[in-house]
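Here's the structure, in structure tokens; my notes come after.
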Amino acid sequence: MANDFLGQILGSVLSGGRASVQGPAGGLGGLGQGGGLGDLLGGMLGRSAGPAGAPASSQSPFGGKGALIAMMLPLVMQWVQRSGGVGAVLDRFRQKGYSQQAASWVSTGGNEELAPQAVGEVVGMDELSRLSQQLGVGNDEVASGMAQILPEMVNQLSPQGEVPADADDRLGGGMSALEQLMKQLQAR
């Protein structure tokens, strides 16, 4: 379940919200299994996460954007948790005047885009600077990445048009699965 959640976020963000990333049976497969999230992340990071003995990819098919999104995803998930969870983050966006965008992410329709400067207003420049230093990229890149990740994260957590009571638990499970997968990829 957490693997599906992560794969859907990454697949949608990297394809511009137009496609999902699916494995051979229509799902994402298990952690690190062929066609699964492990292959997606491994490809983005320029490594093969497929079966042992498979040749390692030397270049990410998604370029630097995919690697940055993959590196940012756990940090954005942590920020949501530190900020009080999905509901609290949505409230922050509403309080800063982004109610329409926040509502679109929860609804079953399309997601309204979020401008990177809106991220700066809601997340705060101190947090953007902290993430920027942690990732080794500029504040603008962090704000742009968060502007792509946050709407899709909320969208995937609210498939029925409302934030379910277990949204924060799913987010925590997704973080655990991602940490486990990243350890597996680093060991290869």
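Residue check: is G138 open to solvent by 20 Å² or more (accessible area, probe 1.4 Å), farther than 15 Å from L68 by Cα and not charged (D, E, K, R)? Considered against the rule, which asks whether it is open to solvent by 20 Å² or more (accessible area, probe 1.4 Å), farther than 15 Å from L68 by Cα and not charged (D, E, K, R), G138 comes out as no.
Flag set for A177, criterion: open to solvent by less than 30 Å² (accessible area, probe 1.4 Å), farther than 20 Å from A102 by Cα and hydrophobic (A, V, I, L, M, F, W, C). Among residues of region 131-143 that are in contact (Cβ under 8 Å) with a residue 24 or more places away in the chain, those with a Cβ under 7 angstrom from a residue that is in a helix (DSSP H, G or I) and of a type in the set (G, A, S), sequence gap 6+ or separate chain, pair up as V142/S132; A143/G120. Scanning region 161-174 for residues that are farther than 20 Å from T108 by Cβ and either open to solvent by less than 10 Å² (accessible area, probe 1.4 Å) or touching a residue at least 12 places away in the same chain (Cβ under 8 Å) (or both) yields a total of 4. Report yes if S158 is open to solvent by 10 Å² or more (accessible area, probe 1.4 Å) and polar (S, T, N, Q), otherwise no. Considered against the rule, which asks whether it is open to solvent by 10 Å² or more (accessible area, probe 1.4 Å) and polar (S, T, N, Q), S158 comes out as no. For region 95-114, the set of residues classified as surrounded by 14 or more Cβ atoms within 10 Å (Cβ to Cβ) and of a type outside the set (D, E, K, R) consists of Y98, Q101, A102, A103, S104, W105, V106, S107, N111, L114, listed by residue number. If you go through region 83-111 and keep only what is part of a loop (DSSP other than H, G, I, E, B) and over 16 Å from E162 (Cα atoms), you end up with S83, G84, K96, G97, Y98.
The values are calculated or read from the model by the stated rules, or taken from the named source; none is laboratory data. None of these values were measured; they are calculated from a predicted model. Glycine gets a Cβ as well: all are built from the backbone with ideal geometry, and neighbour counts include every protein chain shown. Keep in mind that these areas ignore ligands, DNA and RNA; they rest on the heavy atoms of the full protein, side chains included. Shrake-Rupley method; radii C 1.70, N 1.55, O 1.52, S 1.80 Å.
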